[in-house]
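Student: Below is a structure I'd like to ask you about.
Nothing in this text is a laboratory measurement; each read-out follows from the coordinates by a stated rule. All of these numbers come straight from a predicted model, not from anything done at the bench. Every residue, glycine among them, receives a Cβ derived from its backbone with ideal geometry; neighbour counts consider all protein chains shown.
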Amino acid sequence: MIDTQIQDLIAGEQQRQRDGLELIPSENYVSRDVLNALGSVLTNKYSEGYPGRRYYGGQEFTDQIEQLAIDRAKLLFGADHANVQSHSGAPANEAVYSAWLEPGDTVLAMDLSHGGHLTHGAAVTRSAQLYNFVRYKMKDIETGEIDYDELRTLALEHKPKIILAGFSAYPRELDYERFAAIGNEVGALLMADMAHIAGLIAGGVAKNPLDYGFHVITTTTHKTLRGPRGGTILSRGVVGNPLKAPEKTLANIPTLIDRAVFPGMQGGPHMHVIAAKAVAFEEALRPEFKEYAAQIVKNATALAAAMQEKGFHLITGGTSNHLILADVYRSFGINGKEVEIALDKIGLTLNANSTPDDLLPRFTPSGIRLGTPAITTRGLREEHMPLIADWMKRAVDVRTDETALSRLREEVKLFVQEFPLPSDQ
């Protein structure tokens with residue numbers, strides 16, 4: 001029997017994706033090969049443990065699949081070890097904290113309102129209840145420069161066990177060399193959360209923190225990497241037996257992380273997702289992925305410039321990566337949620353987002369966050385970005401006029417027919 005209710009809802013979501021443009025910077029469209037792996041019989045198999053060290057029989061093929069994912073991830077990012085079992089980015093961050101910290105230890109991370117992620121110390125998270133998070137900020141929100149002098153002062157004062165470089169809403173590149181110098185000075189583990197820019201790193205258009213002495217990188221496998229929704233942890237160090245507890249040293253980080261993921265935090269890995277990760281890693285190793293990553297940045301730069309011409313005030317004055325953060329309250333006197341709703345009605349999807357030290361409430365913040373990974377996957381290029389910026393501004397101007405919004409939606413639907421989803425090709 002076919003579950004027609006679910007089937008119809010999936011079909012509806014597919015059509016929604018076809019008819020609009022996805023501008024949320026943490027979303028993307030995967031290939032048909034990734035979708036096929038996700039929908040495979042691997043979902044039937046329990047594989048607790050690691051390749052060669054499982055707690056169940058029947059692992060002839062799952063061991064090979066996971067090892068392929070590990071080997072491809074290591075090659076892609078130049079890591080000594082990769083744990084591909086994390087269910088998502090947040091559990092990956094939690095696993096690193098668990099591997100290295102004791103309750104009450106200090107983590108120095110980016111302030112959430114200045115671009116940091118929920119798992120970088122938000123009070124509502126489990127990690128914030130266990131560990132002490134101290135936050136650094138931008139020195140100048142007009143340029144995006146991090147206050148590295150303040151960061152060093154905080155590190156010397158608080159002696160963090162982890163210094164975390166990474167973000168969820170920061171449009172510039174971090175100075176990993178300065179992070180490393182500060183971290184080495186205070187003896188901290190250097191951790192980078194590259195969930196947003198993993199694809200840019202893999203494509204060679206963003207710096208790789210591992211090249212600057214970082215010990216650990218966490219990432220999601222979707223976003224710019226264009227794989228399934230999941231997490232991966234990459235590290236430097238000696239790979240040991242995850243069934244044996246090692247001494248807590250930097251050299252043993254890979255084994256400490258493996259043990260923190262399983263059995264520390266998760267049970268059986270999702271083998272269908274791991275297979276899809278392996279497919280995505282192989283796709284990212286192809287030469288054409290470098291072209292894709294470069295085009296993401298070109299598109300983001302062009303879209304940022306076009307938005308500025310339409311009167312959008314951009315945090316940090318633009319972008320150096322895939323992501324744009326605009327202060328619409330400063331630009332037009334309205335909150336980000338109003339803009340999100342208006343653009344959703346015309347088929348442009350983005351999200352309301354807080355701006356640095358935002359005075360508006362969290363659910364109706366001053367800003368919007370958008371990016372170019374998904375529209376680049378569909379084939380849009382620099383010459384299309386002024387049209388998107390124009391639609392955005394027109395939707396803001398007519399946000400209370402449903403008839404005008406409907407006309408704009410028809411314009412968007414007509415335009416996107418030229419750019420099919422990867423799954424439709």
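Student: Under a point spin-label approximation (7 Å from Cα along Cα-to-Cβ), what is the N44-F363 distance to one decimal in nm?
Tutor: For N44 paired with F363, the spin-label model returns 4.4 nm.
Student: Let me ask something else. Return the lysines within reach of K139: Cα separation strictly under 29 angstrom, same-chain partners fewer than 8 residues apart disregarded; answer none if there are no such residues.
Tutor: Partners found: K159, K161, K207, K223, K298, K310, K337.
Student: In units of 2.2 N^0.38 Å, what is the alpha-carbon radius of gyration of the chain?
Tutor: The value comes to 0.99.
Student: Further question on the same structure: Report the full-extension gain for the segment H87 to K139: residue separation times 0.36 nm, less the Cα-Cα distance, to one decimal in nm.
Tutor: Result for the pair: 15.3 nm of gain on full extension.
Student: Can you list, bin by bin at 10 Å, the percent of alpha carbon pairs in segment 136-240, starting at 0?
Tutor: Histogramming segment 136-240 at 10 Å steps yields 15, 44, 33, 7, 0 percent.
Student: I need the GluC sites (Glu not before Pro) found in segment 98-178, filtered to DSSP loop residues with at most 12 other beta carbons within 10 Å of theirs. Mind dumping the intermediate values first?
Tutor: Working: sites: E142, E145, E150, E157, E173, E177; in loops: E142, E173.
Here the sparse-neighbourhood loop sites are E142.
Student: Using helices alone, what [θ] at 222 nm do you get for the chain, with -39,500 (n - 2.57) per DSSP H run of 4 or more residues, divided over all residues and rounded to the nearest 500?
Tutor: That comes out to -13000 deg cm²/dmol.
Student: Also, quick follow-up: How long are the three semi-axes of the equivalent ellipsoid for segment 33-284, computed from the Cα gyration tensor as the root of 5 times each eigenvalue, in whole Å, largest first? Intermediate results must be reported in sequence, preceding the final value.
Tutor: Values: eigenvalues 184, 79, 47 Å².
Ellipsoid half-lengths, sorted descending, are 30, 20, 15 Å.
Student: Going by average Cβ neighbours within 10 Å, how do the peptides 292-298, 4-10 rank, with the highest at the top?
Tutor: My ranking of the peptides, most packed first, is 292-298, 4-10.
Student: Follow-up question, since we're still on this one. Taking 0.36 nm per residue of sequence separation and subtracting the Cα-Cα distance, how much length would be gained by fully extending the chain between D401 and R16, in nm to one decimal?
Tutor: Values: separation 385, 0.36 × 385 = 138.60 nm, distance 2.16 nm.
Fully extending the segment from D401 to R16 adds 136.4 nm.
Student: Determine, for each peptide in 194-200, 416-422, 74-80, the mean count of other beta carbons within 10 angstrom over its residues, then list the peptides with the highest first.
Tutor: With the highest mean Cβ count within 10 Å placed first, the list reads 194-200, 74-80, 416-422.
Student: In nm, what is the difference between 0.36 nm times the number of residues separating D3 and A294 and their Cα-Cα distance?
Tutor: Result: 100.6 nm gained on full extension.
Student: Further, regarding this structure: Quote the FRET efficiency, to the nearest 0.05, computed for K159 versus Y56 with a Förster distance R0 of 51 Å and r equal to the Cβ-Cβ distance.
Tutor: Efficiency for this residue pair is about 0.75.
Student: Distance from the Cα centre of segment 320-356 to that of segment 77-106, in angstrom?
Tutor: Taking the Cα centre of segment 77-106 as reference, the centre of segment 320-356 is 31 Å away.
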